[in-house]
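Asker: Following this message is one structure expressed as structure tokens.
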Amino acid sequence: QEGPIKIGASLPLTGNFSVAGSKHQQGYELCVGLINERGGILGRQVELIVSDNRSDPATAINQYERFINVDGVEAVYGTFSSRLTFPVASILAKNGFVHPVPAGGALRIYTQGHKNIFYFQPNAAEYVGASLAGVLKDLVPADAAPKSAAIISADDFFANGVWSGLMGEKVMDPADGSEVADLAPGYLADNGIEVVFSEKWPEEGFSDWLNLANRVKQSGPDMIIGLTASAEEAVQLTRAFKTVRAEADLVYLSQGTQAEFAEGTGESSNGILIHTSWHKDAPFEGLLGGEPFSNADYVAAHQAAYGAVPDEDSAIPFAVCQGIEQAMIGAGSTDNAAMGTWLSGRSKDDPVRSILGRFNWDDTGLPADKPFLMTQWNGGELQFVYPTDEFEGVNPMTYPKGSF
Amino acid sequence: MEQIVQTLILGIALGGVFALMGSGLSLVFGVMRIVNLAHPSLIIAGAYVTYWGFKLWGIDPLVMLPIAAIILAAIGVILYKLVFEKEAKSAKYSEMTVLLTFATAMIVEGALGGMFTNTQRVTSPDYATDAIFFGNVFIPTGQLYAGLASLVIIGALALFLKHSRFGNAIRATTQNRDAAELLGVNVNFVGIMSFAIGIGLAGAAGSLVSFVFSFFPAKHWEWIAVLMSLVVLGGMGSILGTVLASFMLSIVAAFVGAYFGSTWSSMTFFLALFLILLVRPQGLFGEKPELA
Amino acid sequence: MSQLLEVTSLTAGYDDGPAILDGAHLTIEPGKVHCIIGPNGAGKSTLLKAICGMLKIRQGDVKFKGESLKGLRPDQILRKGICFVPQERALFPKMTVRENLRMGGYSLADKSGLERAIDEIEERFPILRERRDQHAGTMSGGQQQTLAMARTLIIRPEIVMLDEPSLGLAPKIVHEMFGIMKMMASEGITILLVEQNALMGLKNSDWGVVLDLGKTLFEGPAPEVLADPRIQELYLGGKKAA
Amino acid sequence: MMTILTETAAADATSSVLAARKAHNAKLSANADKKRAVWFPIAFLAALLVLPALQFTGNYNYVLHLVLFTACYVTMASGWNILGGFTGYISLGHNVFFAIGGYFAGMIFARYGISTIILAPFAGLLCAFVGYLIGSVTLKTRGPSFIISSLALVMIARILFDHWQFVGGANGVALKSNDLSVEWAKLPYYYAFVILAAFSVWASYKIKHSKLGLGLRAISKDEIKAESAGIDTRTYKVLAFAVSGAFVGMAGAIWGEYLTYIRPNIFLIILVSVNMVLMCILGGKGTIAGPVIGAILIIAFNELFVATLGASELNILATGVLMVVVLLFFPLGIVGTLARHHRLPRILNWD
Amino acid sequence: MLKVNGLCKYFGGIKAVDGCTFNVDRGSITALIGPNGAGKTTAFNCISRTAAPTKGEVWLDGERIDHLRPHKITQRGLSRTFQISRNLADMTVLENVICQSKIGGWRDLMKPAMSTQEIDKAMGILDFLGITRIAYEDGSNLSYGQKKLMDLAALLMSDPKIILLDEPAGGVNPTLLEEIVGHIRKLNDQGMTVLIVEHNMDLIMRLSHRIVVMAQGKVIAEGEPAEIREDPLVLDAYLGGVLEDAA
Ligand SMILES: Nc1ncnc2c1ncn2[C@@H]1O[C@H](COP(=O)(O)OP(=O)(O)OP(=O)(O)O)[C@@H](O)[C@H]1O
Ligand SMILES: Nc1ncnc2c1ncn2[C@@H]1O[C@H](COP(=O)(O)OP(=O)(O)OP(=O)(O)O)[C@@H](O)[C@H]1O
Ligand SMILES: [Mg+2]
Ligand SMILES: [Mg+2]
């Protein structure tokens, strides 16, 4: 085939997910730009087509449909969030396209039996708690370990997943009432932590943060777990904790690795733990244009292109782009079936190598043996604290956190 | 007991902010019959003005308030000239404005997004995350200042509208445009000015919002329904009604949040609206509809 | 003869609709009462609206003291001294009676005498005092008409244009109203009046004008109009009045 | 001064004036006749029905998708038009019916595998019933209060659906996609939506030209006058609400299966209800062709902006500017404004 | 036929109608007169139920109707016009008129909005009132008098048993008025009952069989036109001695 390889990506550039969506765009664009600088894929330049789906599922479907039928793309990149990924997965499966997912960690997406779907993050939301449990086990002295926890969460797909893991709930498929996974007894119970307060707030339009923070404080937990759906909520929640003068030994939030979080919360961010798929200091070695391309290279390239240090919302899509490039090269063509076979064929020793590290997938499309990283804000800097044995440069964790 | 008092305080604190956010909306509806769906987006514009004033020059948000109000009022004048002036005479005005303002909201959102990206912002003067403690009970200072400021502004505005000559002209124009014109009121000027005042209020509210909530250009969708329900509950166009509704609902929402769970607290606004409309369709301070 | 207001071959209509007025003309002399009559839909109200600036003048001209009023807004025309009370009672329904009167003085440069003028008016129309805090919109039809009339007395313009002032008024009040009008005329206020109660209108005026299909058909001294048999048949209720 | 009178007097004033008036009358009533081209919508429908034949020549799924998507919105906008256009009650909450229809049919489909296309009429009935209940409450308010109460309705529905674990709460339910091959997979939905859209247009024509329609239009102008003219305004209004809800519900029923996914914020986001409103207003509220034209235009603009301006806030900005421009120059919507100025092409006069 | 018994309507402190009692006999033309603000329009509103009476009873044909919704009352054969004309904008005069024609039950709802018979009938009425030329004009683009006439036309469309006219003559050209008077008489001869509020004494005296005089919400006099003409109370409160002039 002649001409550039067209690749389509529909992203939520406006609407609810616009913050993450635009960062995804940066990640994809940077990666495609770098590939083209290195001579493209299979000798052809790559042309990226990005469309704004306004955070609306119907529009997202529409756009993938257009990529395939009108624009004639040869491959696609996934969109952001489980909400959008869910319907897109069916369309792409129907059309036989490889579906690399940058963000869409709901277990149910992967239990539907779609063939060519590949998740480019550490394991699904339901298993995030494993990392937190690891931190408690490995970094906190046994005699000072938290005994009680307050867990609060946005009523969001991703956050709910984490909640299920921590609280040991069953994940059900409401379509037929079947059980997708049973996560009992849950990471908290496993670690002997008693839940003294638990509550969810609605996905949209919640503003009563002080009240919530105050009630968390009144329950007097050793550990606070805040499963926010966005960095914005994390900022609000943290500021509210500061205002009510809450205290805890350990504070874990599910969002907040972004620079905006530090800006919005200032000093209060100190000591807050956040899981992440990516960290700028993680010494991952990837490939790009057939050449080694390390995480540090990526950070440098991003900084050169956009004048700022990237965060995970740009890094994950970058990795998606790397994965698709390697699949094309591996398959020797842009034939999606071949690319899918190649990606499925990856193993621990022969993985996709990205700036998020190594990826190989089980038959559901979830990555195998891929833990999350734990990071902590200290002195306005997001430090990478766990796991300690994976690579060099791990910072010590501040414990206990104390006040906000 | 302590927690009851605390919940009450938090409800009041939130109510003060909502009161100012809603009263600009109410004013513009009350005097101009414009259902201004763009109001929340303009509040966000005001918040951005304040944010940059604070970030670039370290000007306190409360000092930025009049500046934001004036800048937004100027934007209001331009908006009115471009969008609303032509339609002001039409009989379908009120209905048309629903759509025009909706479009305006999109324009404002798009423009803000283009200029400032979609990253969420919040101004953080020290008092924004501070609180005054009385034993175990506290009053959050950020909301306290915001509430006080908003009550002062609303009070001054209400007095102005009720007693000044210009205020009378505004009300007269709303009620009967032709008649006002026949009595020597320059109705177009009145239209521009009252719109400017309404949007100016959005600017002022934006300053307060900038340190109470975090914001980004698309955030206004979340507020529109809440603010609208305050305005309807208070009785369309009644500023006093809006203020009371803001406090009442915020307090109820705080209690619902505290005793039934946070998920239900935002439902309070809508459910209350529904129930009130059942028994009193005109809202708290609205006029009775004609048909008994 | 000095002419205060002169309308020459005027064409006007609503928005971009057909021309309702099509060559109407009119001359108004100071200090007199003029009465326009004509069938429903003849364009009487339209004529007054065109004069006071509520409608765009398409052709022809309106001259006030020799100066064209073309293109001026109603509020500017009011300040020149022409005041118009439309047929639909230009009141502010949700303002009190007193506030409505006060709005009457909006265009006055000198506000000092306003409150006193309002008091005087309330003196003359007791119902307005009695209901001073009632919303104008809730007054009875006749009460509203009274209020609208009374308000013009505050402005004291050079020309008052009244569109069917007797509409909905009890006979006693109609009588009083024509009395007031005469009094205004004697004070030098020129009056231009549209009346369907044509007999009453013409009897109380100096000059009569007949308008139909947007054209001036006839103008002349009121008694002459009143006496013309054809006009009686066409516009004044036919044989019965004769 | 006497000149005119003497002139007319000579030619017998009375009869000449009467004659002039009569001639004038005749001229005015002459422009009253209306003509419309019935063949056009029928031909248009026929063209749409054979359109899928394109699939034999290549992959035109995207075209089908766009037509189907437009037809879905035509159904909803036409339904909305019955309440918002004819009756004058602007509802921003009609996506509640979209959701009820979608969940009702979607859940039955998920559990028992009955196609939503078969279920759609039942979803419509259910929505009519719910609409009847809701309408009896909310239609007590009028004007802006009604608009906002309808907005509140969406919020309440949203919160309730978000918490209803049986239907998957906020996370929703994934539905199976059908087993047809890629080229033909869309066809059932395509035909369902096109027929539904045609039906809704036909039904709104019927309603508009019935006693009910006349009554509804009277209600939209002056409810007191309508009531005293002997129209049972309360029943009429609630009926309109129910009927318009039914159409939206039917569209929702099929939409869920087509998307293969139902969750609250597919249905219950402001964008959906606002789209219905915008389409009607843009095309011409209260006209029959209006919602159709509005739906086509808005979806076309959307595609255009996304395709040309690509991805950015510009896209939102441009949509806003475009709306303002259209509203300022076509205040009664495209069909309405053209009709007012007697410039409406005959093929667009479906009223 | 129509019985109003102790009707009251208070607006806060204002007693607009205050214990008003009167009867309208079948087949009669009854006039309701009184000074401005006497409560005539309010009484009409309470009878046709566009306003809820504070207390009191209204009986139509031996049936109590003060709790019925307005359309029910209209369907029972009582129609009214409004003092300040209410018209349906964006609908033609023809539609405005036909809107008021009677419909039966549910089944009629989907009947064509304007049947040929209805159009013919409506055009006939419009023709009679001399406003055929505005039949296709927008109902709101009318002159004051035209609106009144349109209201009257709509009223006649529903073939009511009893009509309540609120100042039908206000703003109507005298020549036309003569014809309207004639028509009302004709309708009355055919058995229609009429209750009319008017300030045009000349018309009242010529048309009505009985006159009810209201002042300050109460009925202060009742009787034949000739009696009323002589009643000093009425002369003073209402006519102010001008009756002689007009007649
Ligand atoms: N707002 C309007 N828009 C369009 N046409 C109008 C409007 N108002 C009046 N017309 C038309 O203009 C013509 C003249 O109306 P106008 O109000 O001047 O009559 P008029 O002489 O005052 O009658 P009346 O004695 O009934 O008040 C009428 O045929 C009417 O249909
Ligand atoms: N909604 C209201 N609120 C307060 N007062 C009212 C209201 N409606 C009417 N009124 C008062 O009730 C009294 C009776 O009014 P109504 O309109 O019945 O008089 P009317 O006899 O019809 O007079 P007219 O001949 O002037 O039309 C008036 O004094 C009026 O001001
Ligand atoms: Mg007139
Ligand atoms: Mg009256």
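The values are calculated or read from the model by the stated rules, or taken from the named source; none is laboratory data. Small disclaimer: the values here were computed from a predicted structure and weren't measured. A quick note on method: Cβ atoms are made from the backbone with ideal geometry, for glycine too, and the neighbour counts reach across all protein chains shown. Surface accessibility is based on the protein's heavy atoms, side chains included, excluding ligands, DNA and RNA. Shrake-Rupley method; radii C 1.70, N 1.55, O 1.52, S 1.80 Å.
Asker: Could you list, in sequence order, the residues of the stretch A:246-267 that are more than 19 Å from the chain's Cα centre (by Cα) and facing chain B (nearest Cβ under 7 Å)?
Answerer: Passing the criteria: A:Gly264, A:Gly266.
Asker: Which of the numbered conditions does A:Asp176 fail, given that it passes all the others? Conditions: (1) more than 14 Å from chain D (Cβ to nearest Cβ); (2) more than 24 Å from the chain's Cα centre (by Cα); (3) modelled with pLDDT under 90.
Answerer: Every condition holds for A:Asp176 apart from (1).
Asker: Now for a separate question. Mind telling me which of the residues D:Leu216, D:Leu278 ends up being within 9 Å of another protein chain (Cβ to nearest Cβ) and either open to solvent by 10 Å² or more (accessible area, probe 1.4 Å) or assigned to a helix (DSSP H, G or I) (or both)? If you could, list the steps in order and put the result at the bottom.
Answerer: Working: D:Leu216 fails: within 9 Å of another protein chain (Cβ to nearest Cβ).
Exactly one of D:Leu216, D:Leu278 is within 9 Å of another protein chain (Cβ to nearest Cβ) and either open to solvent by 10 Å² or more (accessible area, probe 1.4 Å) or assigned to a helix (DSSP H, G or I) (or both), namely D:Leu278.
Asker: Grab the helices (runs of 4 or more DSSP H) fully contained in the stretch D:89-195, keeping just those with 2 or more residues being within 21 Å of A:Ser90 (Cα to Cα).
Answerer: Working: elements: D:95-112, D:116-138, D:143-163.
The helices (runs of 4 or more DSSP H) meeting that bar are D:95-112, D:116-138.
Asker: Would you check which residues across the stretch B:227-257 are at the interface with another protein chain (Cβ under 10 Å from one of its Cβ atoms) and open to solvent by less than 20 Å² (accessible area, probe 1.4 Å) and list them? Working first, answer last.
Answerer: Step one: list which residues in the stretch B:227-257 are at the interface with another protein chain (Cβ under 10 Å from one of its Cβ atoms), which gives B:227-233, B:235-237, B:250, B:253-257.
Correct list: B:Leu227, B:Met228, B:Ser229, B:Leu230, B:Val231, B:Val232, B:Leu233, B:Gly235, B:Ser250, B:Ala253, B:Ala254, B:Gly257.
Asker: Could you check how many residues of the stretch E:151-179 are more than 16 Å from ligand 4 (Cβ to nearest atom), within 14 Å of chain C (Cβ to nearest Cβ) and under 13 Å from the mean Cα position of the chain (by Cα)?
Answerer: 2
Asker: Being more than 14 Å from chain D (Cβ to nearest Cβ) and either under 17 Å from B:Val49 (Cβ atoms) or open to solvent by 40 Å² or more (accessible area, probe 1.4 Å) (or both) is the filter here; which residues of the stretch B:103-127 pass it? First the steps, then the outcome.
Answerer: Restricting attention to the stretch B:103-127, the residues satisfying the condition of being more than 14 Å from chain D (Cβ to nearest Cβ) are B:120-127.
Of everything in the stretch B:103-127, those that are more than 14 Å from chain D (Cβ to nearest Cβ) and either under 17 Å from B:Val49 (Cβ atoms) or open to solvent by 40 Å² or more (accessible area, probe 1.4 Å) (or both) turn out to be B:Gln120, B:Arg121, B:Val122, B:Thr123, B:Ser124, B:Pro125, B:Asp126.
Asker: Need a quick list: helices (runs of 4 or more DSSP H) entirely within the stretch A:81-194 having at least 3 residues that are hydroxyl-bearing (Ser, Thr, Tyr).
Answerer: Details: elements: A:82-94, A:107-110, A:129-139, A:157-167, A:187-190.
In the stretch A:81-194, A:82-94 are the helices (runs of 4 or more DSSP H) which contain 3 or more residues that are hydroxyl-bearing (Ser, Thr, Tyr).
Asker: Just for the stretch C:91-108: of the residues that are more than 19 Å from C:Glu130 (Cβ to Cβ) and either open to solvent by 10 Å² or more (accessible area, probe 1.4 Å) or of a type in the set (Asp, Glu) (or both), which one is nearest to the other protein chains (Cβ to nearest Cβ)?
Answerer: C:Ser107
Asker: Scan the stretch B:198-212 and give yes if some residue there is part of a helix (DSSP H, G or I) and surrounded by fewer than 24 Cβ atoms within 10 Å (Cβ to Cβ), otherwise no.
Answerer: Filtering the stretch B:198-212 down to residues part of a helix (DSSP H, G or I) leaves B:198-212.
Right, trim to surrounded by fewer than 24 Cβ atoms within 10 Å (Cβ to Cβ) and you get none.
Looking through the stretch B:198-212, none of the residues is part of a helix (DSSP H, G or I) and surrounded by fewer than 24 Cβ atoms within 10 Å (Cβ to Cβ).
Asker: Going by the structure shown, is B:Ile34 in contact with a helix residue (DSSP H, G or I) (Cβ under 9 Å, 6 or more places away or on another chain) and away from chain D (no Cβ under 14 Å)? Explain how you work it out, then say what you get.
Answerer: Details: in contact with a helix residue (DSSP H, G or I) (Cβ under 9 Å, 6 or more places away or on another chain): yes; away from chain D (no Cβ under 14 Å): no.
Considered against the rule, which asks whether it is in contact with a helix residue (DSSP H, G or I) (Cβ under 9 Å, 6 or more places away or on another chain) and away from chain D (no Cβ under 14 Å), B:Ile34 comes out as no.
Asker: Right, another one. Determine the pairs where a residue that is farther than 14 Å from A:Ser254 by Cβ, located within the stretch A:118-143, has a partner that is open to solvent by 10 Å² or more (accessible area, probe 1.4 Å) and assigned to a helix (DSSP H, G or I) with Cβ atoms under 7 Å apart, the partner being 6 or more residues away or on another chain.
Answerer: A:Ala133/A:Tyr187; A:Ala133/A:Asp190
Asker: Being within 16 Å of ligand 3 (Cβ to nearest atom) and either under 14 Å from the mean Cα position of the chain (by Cα) or aliphatic (A, V, I, L, M) (or both) is true for just one of C:Gly201, C:Gly214. Which residue is that?
Answerer: Numbers: C:Gly214 fails: either under 14 Å from the mean Cα position of the chain (by Cα) or aliphatic (A, V, I, L, M) (or both).
The unique qualifying residue is C:Gly201.
Asker: With (1) of a type in the set (Ser, Thr, Tyr); (2) farther than 30 Å from D:Ala185 by Cα; (3) in a helix (DSSP H, G or I); (4) more than 10 Å from chain E (Cβ to nearest Cβ) as the list, and D:Thr235 as the residue in question, which single condition is left unmet?
Answerer: (4)
Asker: While we're looking at this one, here's another question. Quickly run through the stretch C:113-132 and pick out the residues that are away from ligand 2 (no atom under 11 Å from the Cβ), assigned to a loop (DSSP other than H, G, I, E, B) and either modelled with pLDDT of 85 or more or touching a Gly at 6+ places or on another chain (Cβ under 7 Å) (or both).
Answerer: C:Arg132
Asker: In the stretch C:43-99, what count of residues is obtained for those that are within 16 Å of ligand 3 (Cβ to nearest atom) and free of Cβ contacts under 8 Å to residues at least 60 places away in the same chain? Steps first, answer last, please.
Answerer: From the stretch C:43-99, those within 16 Å of ligand 3 (Cβ to nearest atom) are C:43-52, C:54-55, C:84-90; that's our starting set.
Filter again for free of Cβ contacts under 8 Å to residues at least 60 places away in the same chain, leaving C:49-50, C:54-55, C:88-90.
Final tally of qualifying residues: 7.
Asker: Filter the stretch E:95-108 for residues that are of a type outside the set (A, V, I, L, M, F, W, C) and either without any contact (Cβ under 8 Å) to a residue 24 or more places away in the chain or surrounded by 23 or more Cβ atoms within 10 Å (Cβ to Cβ) (or both) and give the result. Working first, answer last.
Answerer: So in the stretch E:95-108, the residues of a type outside the set (A, V, I, L, M, F, W, C) come out as E:95-96, E:100-102, E:104-105, E:107-108.
Within the stretch E:95-108, E:Asn96, E:Gln100, E:Gly104, E:Gly105, E:Arg107, E:Asp108 meet the criteria.
Asker: Hey, another quick one. In the stretch C:137-168, what residues are more than 15 Å from ligand 3 (Cβ to nearest atom) and in contact with a Ser or Thr (Cβ under 7 Å, 6 or more places away or on another chain)? Reasoning before the result, please.
Answerer: At the first step, the residues of the stretch C:137-168 found to be more than 15 Å from ligand 3 (Cβ to nearest atom) are C:137-144, C:146-147, C:149-160.
Those that are more than 15 Å from ligand 3 (Cβ to nearest atom) and in contact with a Ser or Thr (Cβ under 7 Å, 6 or more places away or on another chain): C:Ser140, C:Gly141, C:Ile155, C:Glu158, C:Ile159, C:Val160.
Asker: If you don't mind, another one. Any chance you could count how many residues in the stretch C:13-38 are away from ligand 3 (no atom under 12 Å from the Cβ) and outside any strand (DSSP E or B)? Quick ask: steps written out before the conclusion?
Answerer: Residues of the stretch C:13-38 away from ligand 3 (no atom under 12 Å from the Cβ): C:13-19, C:21-35.
If we keep only those that are outside any strand (DSSP E or B) too, we end up with C:14-18, C:29-32.
Residues flagged as away from ligand 3 (no atom under 12 Å from the Cβ) and outside any strand (DSSP E or B) within the stretch C:13-38 amount to 9.
For (1) away from ligand 2 (no atom under 16 Å from the Cβ); (2) touching a helix residue (DSSP H, G or I) at 6+ places or on another chain (Cβ under 9 Å), each residue gets a yes or a no:
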| site | (1), (2) |
| --- | --- |
| C:Pro93 | no, yes |
| C:Thr96 | no, yes |
| C:Lys111 | yes, yes |
| C:Thr138 | no, no |
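Asker: Please go through the stretch B:191-238 and give me each residue that is of a type in the set (Gly, Ala, Ser) and touching a Leu at 6+ places or on another chain (Cβ under 6 Å), ordered by number.
Answerer: The first filter runs over the stretch B:191-238 and keeps only residues of a type in the set (Gly, Ala, Ser), leaving B:191, B:194, B:196, B:198, B:200, B:202-207, B:210, B:214, B:218, B:225, B:229, B:234-235, B:237-238.
The answer is B:Gly198, B:Gly200, B:Ala202, B:Gly203, B:Ala204, B:Ala205, B:Ser207, B:Ala225, B:Ser229, B:Gly234, B:Gly235.
Asker: Identify the residue in the stretch A:179-191 that is closer than 30 Å to D:Ala105 by Cα and charged (D, E, K, R) and, among all such residues, is nearest to the other protein chains (Cβ to nearest Cβ).
Answerer: Within the stretch A:179-191, the subset closer than 30 Å to D:Ala105 by Cα is A:179-182.
Now restrict to residues that are charged (D, E, K, R): A:179, A:182.
Values: A:Glu179: 13, A:Asp182: 16 Å.
Within the stretch A:179-191, the match that is nearest to the other protein chains (Cβ to nearest Cβ) is A:Glu179.
Asker: Another question about this same structure. Considering each residue of the stretch A:317-343, count those that are free of Cβ contacts under 8 Å to residues at least 60 places away in the same chain and in contact with a strand residue (DSSP E or B) (Cβ under 7 Å, 6 or more places away or on another chain), and give that number. If you could, list the steps in order and put the result at the bottom.
Answerer: Taking the stretch A:317-343 as the starting set, the residues that turn out to be free of Cβ contacts under 8 Å to residues at least 60 places away in the same chain are A:326, A:330-331, A:335, A:338, A:341-342.
Now restrict to residues that are in contact with a strand residue (DSSP E or B) (Cβ under 7 Å, 6 or more places away or on another chain): A:326.
Of the residues in that region, 1 qualify.
Asker: Sticking with this one: When you check C:Gly41 against the structure, is it at positive phi, outside any strand (DSSP E or B), crowded, with 23+ Cβ neighbours inside 10 Å and touching a Ser or Thr at 6+ places or on another chain (Cβ under 8 Å), yes or no?
Answerer: Working: at positive phi: yes; outside any strand (DSSP E or B): yes; crowded, with 23+ Cβ neighbours inside 10 Å: yes; touching a Ser or Thr at 6+ places or on another chain (Cβ under 8 Å): yes.
Yes: the conditions hold for C:Gly41.
Asker: Do we find that A:Thr364 is touching a Ser or Thr at 6+ places or on another chain (Cβ under 7 Å) and either farther than 28 Å from A:Gly21 by Cα or part of a loop (DSSP other than H, G, I, E, B) (or both) in this structure?
Answerer: On the way: touching a Ser or Thr at 6+ places or on another chain (Cβ under 7 Å): yes; either farther than 28 Å from A:Gly21 by Cα or part of a loop (DSSP other than H, G, I, E, B) (or both): yes.
Yes: the conditions hold for A:Thr364.
Asker: Among the residues of the stretch C:134-149, are any touching a residue at least 40 places away in the same chain (Cβ under 8 Å), within 25 Å of C:Leu211 (Cα to Cα) and part of a loop (DSSP other than H, G, I, E, B)?
Answerer: no
Asker: I've got another one for you. Need at least 3 residues that are away from ligand 1 (no atom under 16 Å from the Cβ) and open to solvent by 10 Å² or more (accessible area, probe 1.4 Å) per element, so show me which strands (runs of 3 or more DSSP E) inside the stretch E:1-94 make the cut, counting only ones lying wholly within it. Reasoning before the result, please.
Answerer: Working: elements: E:2-11, E:14-24, E:29-33, E:55-60, E:78-80.
Once the strands (runs of 3 or more DSSP E) in the stretch E:1-94 are filtered for at least 3 residues that are away from ligand 1 (no atom under 16 Å from the Cβ) and open to solvent by 10 Å² or more (accessible area, probe 1.4 Å), what remains is E:2-11, E:14-24, E:55-60.
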